[in-house]
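Engineer: This is the structure I want to talk about, given as structure tokens.
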Amino acid sequence: MMKKVIIVGAGPAGLFAALELMDKVEVLVIDKGKNVDERFNDIQGVGGAGGISDGKLNLHPKIGGDLTEFISDKEAYDMIDRVDEIFVKHGAPEEEKLSADELLRRAAASGIEFLPIKQRHIGSDRLPALVNSIKRELEGAGVKFSLQNNVEDVLISENVVKGVVTEKEKIISDYVILAPGRAGSTWLSLVMKKHGIPLKNMPIDIGVRVEVPSSIYEDVVNINWDPKFRMRVPTHDDFVRTFCTSPYGFVVKDTYGKSVGVNGHSMRHKRSNNTNFAFLVKIDLTGPVEDTTAYGYSIAKLATTIGGGNPIIQRLGDLRRGRRSTWNRIKRSYVAPTLTEVTPGDISMALPYRILMDIIEGIDMLDHVIPGVSSDSTLLYAPEIKFSAMRIITKEGFETSIKGLYAVGDGAGVSRGIVSAAATGLIAAEHLIAKL
Ligand SMILES: Cc1cc2nc3c(=O)[nH]c(=O)nc-3n(C[C@H](O)[C@H](O)[C@H](O)COP(=O)(O)OP(=O)(O)OC[C@H]3O[C@@H](n4cnc5c(N)ncnc54)[C@H](O)[C@@H]3O)c2cc1C
């Protein structure tokens, strides 16, 4: 009889695991959300958080996590190629062409690392079709979906997984792959702790969203749609990076529990006159206080308080001069904000001194590569926080200490992006197949 595998979570990690497993085992994918075209701005459902994202595919093993922590460099690059092939088969657009020599030179001369990487940009408006195409292929191969069904626990007996318990029923299986994403990471940590599976805290990123006229960024995004600049800033020697650049895009509100923050996206068919990107400081805490998540939430809470329930917006020039921004001052600026549900204020009232210094110094460094970025008119929105789930300590192939139980994707703290999440799903599925 065919072995049965339950996959919890229909995000990229779960869907790619299912693609690898279909035809070889009986697969049931359970997700608490809905189909991709039945939800709006909900990170839960088929396609996962990836389903409502901008769909920027960063095709590099060290972006969105680091696959080489788990497999060899060669295997990691090969895995990225496989993930890419699948995305292309389901409609991902042409890869963006790189001619990065001049940018590499400018960045290196300013003490900044520029990572030229292969990227594809699907766009929020085209992503649902791609997700539906993957789902159709899975269903065609006999994979079953149980949607709007919340998994509450994992069944384990004598250190071997036996299935899951959902809000509706108990389902028995030979293997379980847990891929619940960031939305399910707290639940996952609790289940892991309950069953004695070890976890550890991971670094998080805290910073701002920077918005500039698109003309300033044009030559850079012509080289790489989502350019990755990384640097060590002078005073604190902290690691600062650009992330999730949205050319001609829009800044959007985000939420962290009860607190607010910002994010950004760009669309294929609707353009603004601005480009925005996250500018983030890596925060890793060492003993006795290691809880990076609690630290991130306390900053989000403070920012939400000082922003009166909205994210804070400030001109870089006002921040430098130690004064708050007002709508009048922002109107005098050359950059019209794409997000107006914000409170003009003073970001230094919300972010710790060290993070603020890192950001200002980092923007000044970046100005040598992208002249104009550190102009007084540049808009900063705060806070932008990229939390990371606690990492579940796993063995080869992301199998936990419980036989037949796997944990992959962003929820397990082993990825932080669509491509890397998908890759971890494939790796777990390959490992599982090898055991059959
Ligand atoms: C607004 C936004 C924009 C983004 N833009 C990009 C981008 O451009 N490029 C990029 O690489 N990454 C982007 N990301 C990140 C990317 O979406 C994630 O890294 C990726 O989706 C993680 O995949 P995953 O499969 O691990 O988890 P997810 O995609 O989060 O999927 C997890 C699924 O599990 C389900 N689930 C959780 N708990 C349970 C439970 N107990 N029972 C049943 N189901 C459960 C959820 O409903 C969800 O559908 C973005 C994220 C957001 C929120």
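The values are calculated or read from the model by the stated rules, or taken from the named source; none is laboratory data. What you see is a predicted model; the values in this text were computed from it and never measured. As a convention, Cβ positions derive from the backbone with ideal geometry for all residues, glycine included, and neighbour counts pool all protein chains shown.
Engineer: Looking at Lys135, Lys74, Lys97, Lys89, can you tell me which residue is among the basic types (Lys, Arg) and at pLDDT below 95?
Structural biologist: Lys97
Engineer: While we're looking at this one, here's another question. Anything in the stretch 165-186 that is free of Cβ contacts under 8 Å to residues at least 60 places away in the same chain and near the ligand (Cβ under 9 Å from one of its atoms)? List them, or say none.
Structural biologist: Passing the criteria: only Glu167.
Engineer: Output the number of the condition that Ala76 fails; it satisfies all remaining conditions of (1) outside any helix (DSSP H, G or I); (2) out of contact with any Gly (no Cβ under 6 Å at 6 or more places or on another chain).
Structural biologist: Result: Ala76 passes all but (1).
Engineer: Listed residues Lys144, Lys135; which is farther than 25 Å from Leu57 by Cα, of a type in the set (D, E, K, R), touching a residue at least 40 places away in the same chain (Cβ under 8 Å) and assigned by TED's automatic domain parsing to the domain that holds Asp42? It would help to see each step written out before you state the result.
Structural biologist: Numbers: Lys135 fails: farther than 25 Å from Leu57 by Cα.
Within the list Lys144, Lys135, the selection yields Lys144.
Engineer: Just to verify a result, which residue in the stretch 311-332, among those that are among the small types (Gly, Ala, Ser) and surrounded by fewer than 19 Cβ atoms within 10 Å (Cβ to Cβ), is nearest to Tyr297 (Cα to Cα)?
Structural biologist: Gly322
Engineer: Now for a separate question. Only one residue in Ile418, Ile370, Ile363, Ile355 is surrounded by 21 or more Cβ atoms within 10 Å (Cβ to Cβ) and in the same structural domain as Asn58 (by TED's automatic domain parsing), so which one is that?
Structural biologist: Checking each option against the conditions leaves just Ile418.
Engineer: Right, something else. Of the residues in the stretch 1-16, how many are closer than 17 Å to Val88 by Cα and more than 9 Å from the ligand (Cβ to nearest atom)?
Structural biologist: Result for the stretch 1-16: 0.
Engineer: Could you list, in sequence order, all residues of the stretch 60-87 that are charged (D, E, K, R) and either more than 17 Å from Trp225 (Cβ to Cβ) or without any contact (Cβ under 8 Å) to a residue 40 or more places away in the chain (or both)?
Structural biologist: Taking the stretch 60-87 and keeping what is charged (D, E, K, R), we get 62, 66, 69, 73-75, 78, 81-82, 84-85.
Those that are charged (D, E, K, R) and either more than 17 Å from Trp225 (Cβ to Cβ) or without any contact (Cβ under 8 Å) to a residue 40 or more places away in the chain (or both): Lys62, Asp66, Glu69, Asp73, Lys74, Glu75, Asp78, Asp81, Arg82, Glu85.
Engineer: Also: Quick one: Glu396 ticks every box in (1) in contact with a Leu (Cβ under 9 Å, 6 or more places away or on another chain); (2) under 30 Å from Ser72 (Cβ atoms) bar one, so which box is it?
Structural biologist: The number of the failed condition is (1).
Engineer: All but one of (1) part of a loop (DSSP other than H, G, I, E, B); (2) within 20 Å of Pro371 (Cα to Cα) hold for Gly91; state the number of the condition that does not hold.
Structural biologist: (2)
Engineer: Do we have Ile7 as more than 30 Å from Asp219 (Cβ to Cβ), touching a residue at least 12 places away in the same chain (Cβ under 8 Å), of a type in the set (Val, Ile, Thr) and not in a loop (DSSP other than H, G, I, E, B) here?
Structural biologist: yes
Engineer: Please find, within the stretch 399-436, the residue that is farthest from the chain's Cα centre (by Cα) out of those that are assigned to a loop (DSSP other than H, G, I, E, B) and more than 8 Å from the ligand (Cβ to nearest atom). Walk me through it before giving the result.
Structural biologist: Of the residues in the stretch 399-436, the ones assigned to a loop (DSSP other than H, G, I, E, B) are 400-402, 404, 408-409, 413-417, 436.
Next, from what is left, pick out any that are more than 8 Å from the ligand (Cβ to nearest atom): 400-402, 404, 413-414, 436.
Details: Thr400: 23, Ser401: 26, Ile402: 27, Gly404: 27, Gly413: 11, Val414: 11, Leu436: 32 Å.
Selected residue: Leu436.
Engineer: Tell me yes or no: at least one residue of the stretch 88-95 is touching a residue at least 60 places away in the same chain (Cβ under 8 Å) and out of contact with any helix residue (DSSP H, G or I) (no Cβ under 6 Å at 6 or more places or on another chain).
Structural biologist: no
Engineer: Could you list, in sequence order, all residues of the stretch 97-112 that are buried (at least 19 other Cβ atoms within 10 Å of the Cβ) and outside any helix (DSSP H, G or I)?
Structural biologist: Ile112
Engineer: Restricting the search to the stretch 17-26, which residues are within 13 Å of the ligand (Cβ to nearest atom) and either farther than 15 Å from Asn132 by Cβ or at pLDDT below 95 (or both)?
Structural biologist: Ala17
Engineer: Yes or no: Asp31 at pLDDT 90 or above, within 10 Å of the ligand (Cβ to nearest atom) and within 25 Å of Leu178 (Cβ to Cβ)?
Structural biologist: Working: at pLDDT 90 or above: yes; within 10 Å of the ligand (Cβ to nearest atom): yes; within 25 Å of Leu178 (Cβ to Cβ): yes.
Here the answer is yes, as Asp31 does meet what is asked.
Engineer: I'd like the residue in the stretch 222-262 that is part of a loop (DSSP other than H, G, I, E, B) and β-branched (Val, Ile, Thr) and, out of all such residues, is farthest from the ligand (Cβ to nearest atom).
Structural biologist: Filtering the stretch 222-262 for residues that are part of a loop (DSSP other than H, G, I, E, B) and β-branched (Val, Ile, Thr), the one farthest from the ligand (Cβ to nearest atom) comes out as Thr235.
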